[in-house]
């Protein structure tokens, strides 16, 4: 199976929405209640929100053969162009564990010219997500608790130093 990492195109919107919904429900099934997940996905992965992020950030997709199986979304800080955030990296469950997440991460880093620090936020009890970041040399630099659509969410902030 061949995997290609490329910039997201307008024709990929439905596939990115499918990947987001599938991976979010799989990952956060025992962590975040269904109504909260649905509200988040409906808001952050609406057609308009995705098109806006395509214009304002770096959105990459992973295409395995003819299907989109993952995506990653990177945002360069407006406050400090030497900092960026990996706002999302999602892979459908059946394509996890074969290196696609690493490929997306590396492709994004390669396109983030001049960035020295890459941040990622991960839900504290998302052990699989935290392990992914730790295995790629991210380290924990903070922790917060916030209300996420009315649900208490503990988030770990992680940082990868690129230079």
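The values are calculated or read from the model by the stated rules, or taken from the named source; none is laboratory data. Here the structure is a predicted model, which is why all the values come from computation and not from measurement. Because the Cβ atoms are built from the backbone with ideal geometry, glycine has one as well, and the counts that use them run over all protein chains shown.
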| query | Condition test on residue 45, is it without any contact (Cβ under 8 Å) to a residue 60 or more places away in the chain and touching a helix residue (DSSP H, G or I) at 6+ places or on another chain (Cβ under 6 Å)? | reply | yes
| request: Name the one entry in 36, 61 that is assigned to a helix (DSSP H, G or I), surrounded by 14 or more Cβ atoms within 10 Å (Cβ to Cβ) and in contact with a strand residue (DSSP E or B) (Cβ under 6 Å, 6 or more places away or on another chain). | output: 36
| request: For segment 92-124, enumerate the residues that are touching a residue at least 60 places away in the same chain (Cβ under 8 Å) and either surrounded by 16 or more Cβ atoms within 10 Å (Cβ to Cβ) or in a strand (DSSP E or B) (or both). | output: 92, 100, 103, 104, 107, 123
| field | Where residue 127 falls short, out of the listed (1) surrounded by fewer than 20 Cβ atoms within 10 Å (Cβ to Cβ); (2) over 24 Å from residue 22 (Cβ atoms) | value | (2)
| request: Can you confirm whether segment 48-63 contains a residue that is over 14 Å from the mean Cα position of the chain (by Cα), at pLDDT 95 or above and within 18 Å of residue 94 (Cα to Cα)? | output: yes
| task | Report, by residue number, each residue of segment 143-162 that is under 20 Å from residue 31 (Cα atoms) and in contact with a strand residue (DSSP E or B) (Cβ under 7 Å, 6 or more places away or on another chain). | result | 143, 144, 145, 146, 152, 153, 154, 155, 156, 157, 158
